[in-house]
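The values are calculated or read from the model by the stated rules, or taken from the named source; none is laboratory data. It should be emphasised that the depicted structure is a prediction, and the values quoted were computed from it without experimental measurement. Every residue, glycine as well, gets a Cβ built from its backbone with ideal geometry; the counts of neighbours run over all protein chains shown.
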Amino acid sequence: MIGSTAIYVLVAVSVVALVPWRELAASPAPLALVAGRVLGPRADTALSVIALAATANTVLLLLVASARSVYGMASAGVLPRALGRVGRRATPWVATVAVLSITAALLFVGSLAEVAALTDGAVLASFALVNASLTWLTWRGRTGRGRARAVEFAVSSAAVILCGALLLHVGAWSLGAVAGLGATGILLGWWLAAPAPARGAGTADPGTRTARR
């Protein structure tokens, strides 16, 4: 984290040193403006190649991480067990195919900007829920003690607040879609966690009916 922060700070300082901040504020693509000043006409090609490589890397990372998350949840019984199947190379191929199919379907939901906003909303909501879980566990005394517990509570609470603040900027449509997906996941988890008789409530077993008679 310290290294990433240092890189961002150095990039910001370099950008401001090359182009006045007023021009950067008025430009719709400030980094492209800076690259144009340094590289000249070759800036567009260079930025396009860098953007394609970064996008491909990000998509691959999210696909792998999402598939592993689905696999872990399926192994824990939160999602259907079928999503926890692995291939000969110990790869959760069913979860990977499911995540890839859902991702491909989202491409037809709207424009690229709307899909990107939905992705941002889903990631921020996931981070907020994870940190909220840590806050709740810390509050209940299920984590460290003393100063470590106070630090965990403060950091996780701050993370929840920051994620919530950023969620306000993803748009109403993205918030609604994320809320719908979250509600669906909660209902699915509750249904899978419920005992088998509770799922089939209202559907009596024929043998039970015969015995009652």
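Data for the structure
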| item | result |
| --- | --- |
| Flag for residue 108 being closer than 21 Å to residue 177 by Cβ, under 19 Å from the mean Cα position of the chain (by Cα) and aromatic (Phe, Trp, Tyr) | no |
| Residue 24 under 26 Å from residue 115 (Cβ atoms) and surrounded by 11 or more Cβ atoms within 10 Å (Cβ to Cβ) | no |
| Residue check for residue 94: modelled with pLDDT of 85 or more and either out of contact with any Ser or Thr (no Cβ under 8 Å at 6 or more places or on another chain) or surrounded by 12 or more Cβ atoms within 10 Å (Cβ to Cβ) (or both) | yes |
| Residue in the range 27-43 that is surrounded by the most Cβ atoms within 10 Å (Cβ to Cβ), counting only those that are of a type outside the set (A, V, I, L, M) and either free of Cβ contacts under 8 Å to residues at least 12 places away in the same chain or touching a Gly at 6+ places or on another chain (Cβ under 8 Å) (or both) | 36 |
| Filter pass, residue 142 being more than 14 Å from the chain's Cα centre (by Cα) and either loosely packed, with under 12 Cβ neighbours inside 10 Å or in a loop (DSSP other than H, G, I, E, B) (or both) | yes |
| All positions within the range 145-156 that are loosely packed, with under 15 Cβ neighbours inside 10 Å, of a type outside the set (A, V, I, L, M, F, W, C) and assigned to a helix (DSSP H, G or I) | 146, 147 |
| Contacts under 9 angstrom Cβ, first residue in the range 157-182 being part of a helix (DSSP H, G or I), partner of a type in the set (Asp, Glu) and exposed (fewer than 14 other Cβ atoms within 10 Å of the Cβ), 6 or more apart | none |
| Selection status of residue 113, part of a helix (DSSP H, G or I) and at pLDDT below 85 | yes |
